[in-house]
Amino acid sequence: MLLRAAAAVMFVAAGGMAGIILSDRLKMQREMCREIGELLRSCAVQIRYRGVDVYRLATELKNCQSFKHLTFINELPEKYEYGEDFHLCWERAVMSQSDLPHEERQMLCSFGNTLGTSDIEGQLVSISALEEELETLENRREETFRSKGKLYRSVGMLFGVMAGILVI
């Protein structure tokens, strides 16, 4: 009987943890979306007021500590090497971060393709359009976290309790 009670407690704990993990995944997606917005605003400021090129921009992004979830930034080149295409390096870096959701990945690749391809005003217009698109996505991520986060935690615990009852 003691073994069954211990197993029941383990199932309840496992169900609760599964719900918390799924809820945290939604929270992480929301945070990534917010960091991408901050990345876009930071790049717009760097381009508008300092007129930096793509390699100087990559260096500035690497030195900024506020992008802890955007690990692809660490793989960006800081200086030009012969035969290297910055846009391909950006895309490879974005694709290498496996925990980026699909929509954010596409948005970052699109952003990387616009960097350095036109004058300052053209880049700022592109960044502004991406910021509007990101705002819609961020609102969707926030709503998903609010509605499904609590659901995942509750259902995880419920399934854990049900499995625990079945064991007893």
Response to the item:
Going through (1) β-branched (Val, Ile, Thr); (2) within 26 Å of Leu26 (Cα to Cα); (3) not in a helix (DSSP H, G or I) one by one, Thr117 fails only at (2)
Discussion item. Against the conditions (1) surrounded by 19 or more Cβ atoms within 10 Å (Cβ to Cβ); (2) closer than 30 Å to Ser23 by Cα, where does Leu115 fall short? Just the number, please.
Written reply: (2)
Fill in: Residues that are of a type in the set (D, E, K, R) and either free of Cβ contacts under 8 Å to residues at least 24 places away in the same chain or within 25 Å of Met17 (Cβ to Cβ) (or both), drawn from the stretch 125-160
Glu132, Arg140, Arg141, Glu142, Glu143, Arg146, Lys148, Lys150, Arg153
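Table: residues versus (1) of a type in the set (A, V, I, L, M); (2) loosely packed, with under 15 Cβ neighbours inside 10 Å; (3) under 12 Å from the mean Cα position of the chain (by Cα).
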position: Glu81; (1), (2), (3): no, yes, no
position: Glu84; (1), (2), (3): no, yes, no
position: His87; (1), (2), (3): no, no, no
position: Ser96; (1), (2), (3): no, yes, no
position: Leu100; (1), (2), (3): yes, no, yes
position: Phe111; (1), (2), (3): no, no, no
Practice prompt. Filter the stretch 125-152 down to residues that are over 21 Å from the mean Cα position of the chain (by Cα) and either β-branched (Val, Ile, Thr) or buried (at least 16 other Cβ atoms within 10 Å of the Cβ) (or both), then give me how many there are.
Written response: 1
Item to complete: Could you please find all residues in the stretch 51-75 being over 19 Å from the mean Cα position of the chain (by Cα) and not in a helix (DSSP H, G or I)?
Response: Gly51, Val52, Asp53
Worksheet entry | Which listed residue is of a type in the set (A, V, I, L, M, F, W, C) and under 30 Å from Ala163 (Cα atoms), from Val52, Val12 | Val12
Item to complete: Kindly list, by first and then second residue, each pair from a residue in the stretch 44-70 that is closer than 24 Å to Glu31 by Cα to a residue that is open to solvent by 80 Å² or more (accessible area, probe 1.4 Å) and in a loop (DSSP other than H, G, I, E, B), limited to pairs with Cβ atoms under 6 Å and residues at least 6 apart or on different chains.
Response: Ala58/Glu78; Thr59/Glu78
Discussion item. If I ask for residues that are open to solvent by less than 90 Å² (accessible area, probe 1.4 Å), hydrophobic (A, V, I, L, M, F, W, C) and either within 28 Å of Pro101 (Cα to Cα) or in contact with a helix residue (DSSP H, G or I) (Cβ under 9 Å, 6 or more places away or on another chain) (or both), which ones from the stretch 1-26 would you list?
Written reply: Ala5, Ala7, Ala8, Val12, Ala13, Ala14, Ala18, Ile20, Leu22, Leu26
Fill in: Hey, Arg41 under 25 Å from Ser118 (Cα atoms) and at pLDDT 90 or above or not
yes
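The values are calculated or read from the model by the stated rules, or taken from the named source; none is laboratory data. Remember, it's a predicted structure, so these values are computed and weren't measured experimentally. Because the Cβ atoms are built from the backbone with ideal geometry, glycine has one as well, and the counts that use them run over all protein chains shown. Side chains included, ligands, DNA and RNA excluded: accessible areas come from the protein's heavy atoms. Shrake-Rupley method; radii C 1.70, N 1.55, O 1.52, S 1.80 Å.
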